[in-house]
Amino acid sequence: MEKTVGIIGASYSGLSAAISAAKEGAGVKVYEKKIDITQCACGEIYTSGWYGVETPPKNCRYYAAKNFIFHFSDENIAIPLPRDSLWVTERAAIQKKMYDTAKDYGVKFNLGASKLITEIVKDYDYVIDASGFPSQSGYEGYFEKIRPQAAALYYDVSGDFSEYFDKDLHFWWTTSDNHGYVWLIPKTEDKTNIGIGWENKTREVPKFKDIKTFFQKNLKISINYNEVGEKRGAGILPLDRVKHFTHDNVAIVGEAAGLMNYTVEAGAHFAIASGRESGIAAAKGSLSDYDNYVKSELLKEVDISKMLYKKIGRMSQEKFRKVCKGIAKGAGMEIFHSKVKFLGLLRHMF
Ligand SMILES: Cc1cc2nc3c(=O)[nH]c(=O)nc-3n(C[C@H](O)[C@H](O)[C@H](O)COP(=O)(O)OP(=O)(O)OC[C@H]3O[C@@H](n4cnc5c(N)ncnc54)[C@H](O)[C@@H]3O)c2cc1C
């Protein structure tokens, strides 16, 4: 008999779950607290090939990115990225495409509806918590807690910053705890995405005024809000995962489950992959397939990234610099002693 699946959250993980469950013949309803599903905070860098969106959307730039560049006070060290190709695109475009696809498969949406797991768990054969972090579906406290978190924000800005892109698209800026980073990505000919991330000590979603304070304190840069880009977003991200990905007839996916690469704060591919597999498993009536998939395919990267994140944070800057140099040397990458244009760019922006 056709399974019924209720999903909380219509972002990457929820939409992915909805599409795959409906493709497998389930009756699916998605609850989303926002009215507009294209509103989301994300830096819009994706690993290609994970998304169920087989071709890059229009206007998508495609990179074969090779390096992270770590910036220290007097030198920049390039180390290789773990994957070799990235899409840089409008997240809203992918999300809209997924939403339309889900509707084509007969998925029903209840937009503007904030739901708790407890409110819908009895109405469906399976419920998928795809509500992001911190989970607002009642998951925290209902099952387990995930505490540590990072914060990130991004801007889309207009203008030609090509002189800053000659080396790479990713830039890692080392704060005293080695956990601050910045990315710089040309999205189109005249649009650039700039993102900033750092470990966050409180559970509040960062306000732009907090970001301003952060920059003033750490970089002695002040932000003029009137001059920042046309589009901006900010949010918090988990730095730990749950222990159990299923509880009776409930599956926890994406950021609600803490599935992320914590060292680079990337969660899009985990959200889409975990959503997809939970949807298939629910439609087939076997959530344990989802649990097995997470454990065999996703957890290795999640757990290694957590270990790295912790280790990096405990290192002194000098030790960290030595490690970076070792990796760079081993990979035949560049160490360049240049004037740091990057901070110049930040000053220009803020
Ligand atoms: C500023 C920023 C930049 C980022 N940049 C990148 C990047 O470049 N690349 C990358 O891979 N990852 C990035 N990430 C991480 C990535 O955005 C997340 O990992 C990914 O969005 C997680 O998807 P999700 O579907 O699990 O959760 P989310 O995208 O958080 O979606 C959860 C959805 O559930 C809805 N919801 C929540 N509670 C309820 C409720 N009670 N009832 C109904 N609906 C509810 C929310 O409104 C939301 O739509 C970034 C994150 C931030 C904050």
Name the residues in the range 241-270 that are outside any loop (DSSP other than H, G, I, E, B) and either buried (at least 24 other Cβ atoms within 10 Å of the Cβ) or more than 7 Å from the ligand (Cβ to nearest atom) (or both), would you? THR246, HIS247, VAL250, ALA251, ILE252, GLY254, GLU255, ALA256, ALA257, ASN261, ALA268, PHE270
Among the residues of the range 271-288 satisfying the criterion of being part of a helix (DSSP H, G or I) and in contact with a Lys or Arg (Cβ under 9 Å, 6 or more places away or on another chain), which is surrounded by the fewest Cβ atoms within 10 Å (Cβ to Cβ)? LYS284
Restricting attention to the range 52-74, does a residue exist that is outside any loop (DSSP other than H, G, I, E, B), of a type in the set (Ser, Thr, Tyr) and modelled with pLDDT of 65 or more? no
Among the residues of the range 306-339, the number that are touching a residue at least 24 places away in the same chain (Cβ under 8 Å) and farther than 10 Å from ILE79 by Cα is 12
So, in the range 1-33, exactly how many residues are over 14 Å from ASN110 (Cα atoms) and within 16 Å of the ligand (Cβ to nearest atom)? 7
Is the range 131-143 home to any residue that is farther than 28 Å from GLY285 by Cα and at pLDDT 90 or above? no
Yes or no: the range 301-322 includes at least one residue that is on the phi > 0 side of the Ramachandran plot, surrounded by fewer than 13 Cβ atoms within 10 Å (Cβ to Cβ) and outside any helix (DSSP H, G or I). no
Can you find, within the range 92-136, the residue that is surrounded by the most Cβ atoms within 10 Å (Cβ to Cβ) among those that are over 17 Å from VAL5 (Cα atoms) and in contact with a strand residue (DSSP E or B) (Cβ under 9 Å, 6 or more places away or on another chain)? SER135
Regarding ALA273, is this residue at pLDDT below 85 and either closer than 25 Å to GLY195 by Cβ or within 16 Å of the ligand (Cβ to nearest atom) (or both)? no
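The values are calculated or read from the model by the stated rules, or taken from the named source; none is laboratory data. Because the structure is a prediction, the values reported are computed rather than measured. Methodologically, a virtual Cβ is constructed for each residue, glycine included, from the backbone with ideal geometry; neighbour enumeration extends over all protein chains shown.
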